[in-house]
1. Helix 15-27 versus the longest principal axis of the chain: what is the Cα-based angle in degrees, 0 to 90, to the nearest 10?
2. Under a 10 Å cutoff between Cα atoms, tell me which one of 141, 53, 81 has the largest fluctuation in the Gaussian network model of the chain.
3. Tell me the Kirkwood hydrodynamic radius of the range 200-247 in angstroms, computed as one over the mean inverse distance between distinct C-alpha pairs.
4. With a Förster radius of 41 Å, plug the Cβ-Cβ distance of residue 309 and residue 32 into 1/(1 + (r/R0)^6) and report the FRET value to the nearest 0.05.
5. Among 206, 21, 176, what is the fewest-to-most ranking by other Cβ atoms within 10 Å?
6. Could you grab the relative contact order for the range 6-78? Cα pairs under 8 Å, six or more apart, rounded to a whole percent.
7. Tell me, how many Å apart are the Cα centres for the range 121-151 and for the range 176-195?
8. Between the helical axis of 294-309 and the dominant principal axis of the chain, each derived from Cα atoms, what acute angle in degrees is found, rounded to the nearest 10?
């Protein structure tokens, strides 16, 4: 296909195709994008084909169970994120004389992030700026960092195994992971157990429970104590992992401060180790290259201030 001049390409391009492409990427499938756009799946598929025809290249590899961005698609998505970030500033620019702050804040976090610092800030932020809207997504920690990196999220809160050089990290709090089982499990209700009693038991865990991933401390504890547990279930979501533990599929790791209520209610039983459990730090992740609207800027600055004024011993959830 002959390459168009930049000016001709811009004048001929249907910008709605870019918006459709962004939503397809965010949803991870054409069918889910069609539901979000309130359009038929064939129309969305055709829009993607038209965009690829305009660009003269494939942006998404699809078919036979494959759906992933090409190298050109990743670059296009990064540029589209910049374009729509700029567009989101337009209303703020034309209403800058008004003292009332509006805008959208997208928070991406690991599903087991539970901290009063974030909850407190959301309460205060809504009370002070009721025109601001919020989107909260959950994802595995690596995907949280990716969304901050590609500027589709205002900020991220997650575990960090390999910091990305173009992002900024600030520790919010420290949590500890314990092993738990549910009522159907043969160890439920038993006291005086040792780590050896967990050896050979089936287990469930987070997707990131691996020696090369964010929950390395948990995986390392298993390896060092030769627990030889078979992982029979995995999830990136705290709720679904907890469900598998409740149902007796296996022993699973959960943040101690998050599981506390279910232990008190008799829905979970704490297992060894009772002392020196695996320790994990949770970080605020931001992208200094992202153009932030006023609402995003104020929220991130307020969270940083809240972190720094809260003593470290109050940010350790034992």
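1. Between helix and principal axis, roughly 10 degrees.
2. With Cα springs under 10 Å in the chain, the top fluctuation among 141, 53, 81 is at 53.
3. Across the range 200-247, the inverse of the average 1/r is 11.0 Å.
4. The computed FRET efficiency comes out at 0.50.
5. 176, 21, 206
6. 25 percent
7. 35 Å
8. 30 degrees
No value in this document is a laboratory result; all are computed from the given coordinates. Since the structure is predicted, the reported quantities are computational estimates derived from the model, not experimental observations. Glycine gets a Cβ as well: all are built from the backbone with ideal geometry, and neighbour counts include every protein chain shown.
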